[in-house]
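Visitor: If you scroll down you'll find the structure; I have some questions about it.
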Amino acid sequence: MAADAGQRTVRLSNGATMPLLGLGTGPPWSAKGDAAASVRAALSCGYRHIDAAPVYGNEVEVGEAIGASLRELGLSRAAIFVTSKLFNSEHDPAHVHAACAHTLADLGLDYLDMYLIHWPQQF
């Protein structure tokens with residue numbers, strides 16, 4: 001992942017570089033119906049880290065905005081660090097792969113740069 005000029009980054013233990021400044025796409029900042037405009041504006045002004053989660057209800061919209069922005073800005077997928085999260089009801093190891101695959105499909109991406117447990121409690 002290449003950071004944009006002027007972006008401060010941190011090197012993670014796996015060697016990946018993560019921009020320290022990112023756009024959170026959860027309500028109220030990017031409520032469903034507003035997320036695409038937020039993501040497109042953030043990427044156009046230099047943000048290179050997008051934080052999403054299925055529980056926000058807008059990952060399809062976020063993914064469409066990422067795809068459109070990549071084309072419009074001439075960026076590769078590797079130029080943007082995308083984080084999403086595993087929701088509480090999916091912690092069972094038997095559910096994790098399907099939950100991640102669903103997130104990837106909703107975002108229209110082949111991979112995530114980071115996949116987190118949203119909250120450390122299970123439903």
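The values are calculated or read from the model by the stated rules, or taken from the named source; none is laboratory data. Predicted, not measured: the structure shown is a model, and the values here were computed from it. Don't worry about glycine lacking a Cβ; one is built from the backbone with ideal geometry, like all the others, and counts go over all protein chains shown. Note: accessible area is taken over every heavy atom of the protein model, side chains too, but ligands, DNA and RNA are not part of it. Shrake-Rupley method; radii C 1.70, N 1.55, O 1.52, S 1.80 Å.
Visitor: Against the conditions (1) without any contact (Cβ under 8 Å) to a residue 12 or more places away in the chain; (2) open to solvent by less than 50 Å² (accessible area, probe 1.4 Å); (3) of a type in the set (D, E, K, R), where does E90 fall short? Just the number, please.
Guide: Single failed check for E90: (2).
Visitor: Looking at V96, V62, which one is surrounded by 20 or more Cβ atoms within 10 Å (Cβ to Cβ) and either among the basic types (K, R) or assigned to a helix (DSSP H, G or I) (or both)?
Guide: V62
Visitor: Can I ask one more? Could you please give the count of residues in the range 50-59 that are in contact with a Ser or Thr (Cβ under 7 Å, 6 or more places away or on another chain) and not in a loop (DSSP other than H, G, I, E, B)? Show your work before the answer.
Guide: Start the filter on the range 50-59 by keeping residues that are in contact with a Ser or Thr (Cβ under 7 Å, 6 or more places away or on another chain), which leaves 50-54, 56, 58-59.
When the remaining residues are screened for being not in a loop (DSSP other than H, G, I, E, B), the result is 50-51, 54, 56, 59.
So the answer is 5.
Visitor: Find the residue count for the range 104-123, including only residues that are surrounded by 12 or more Cβ atoms within 10 Å (Cβ to Cβ), at pLDDT 95 or above and touching a Lys or Arg at 6+ places or on another chain (Cβ under 8 Å).
Guide: Matching residues across the range 104-123 total 2.
Visitor: Which of (1) assigned to a strand (DSSP E or B); (2) farther than 18 Å from I117 by Cβ is the odd one out, the single condition V82 does not satisfy?
Guide: Every condition holds for V82 apart from (2).
Visitor: Could I ask something else about it? Filter the range 22-59 down to the residues that are of a type in the set (F, W, Y) and surrounded by 16 or more Cβ atoms within 10 Å (Cβ to Cβ), then identify the one that is nearest to C100 (Cα to Cα).
Guide: Once the filter is applied, the top-ranked residue is Y56.
Visitor: In this structure, does G26 turn out to be farther than 12 Å from T83 by Cβ and at pLDDT below 95?
Guide: no
Visitor: Continuing with the same structure: Could you go through the range 71-87 and let me know if any residue there is loosely packed, with under 15 Cβ neighbours inside 10 Å, over 12 Å from the mean Cα position of the chain (by Cα), among the acidic types (D, E) and modelled with pLDDT of 95 or more.
Guide: yes
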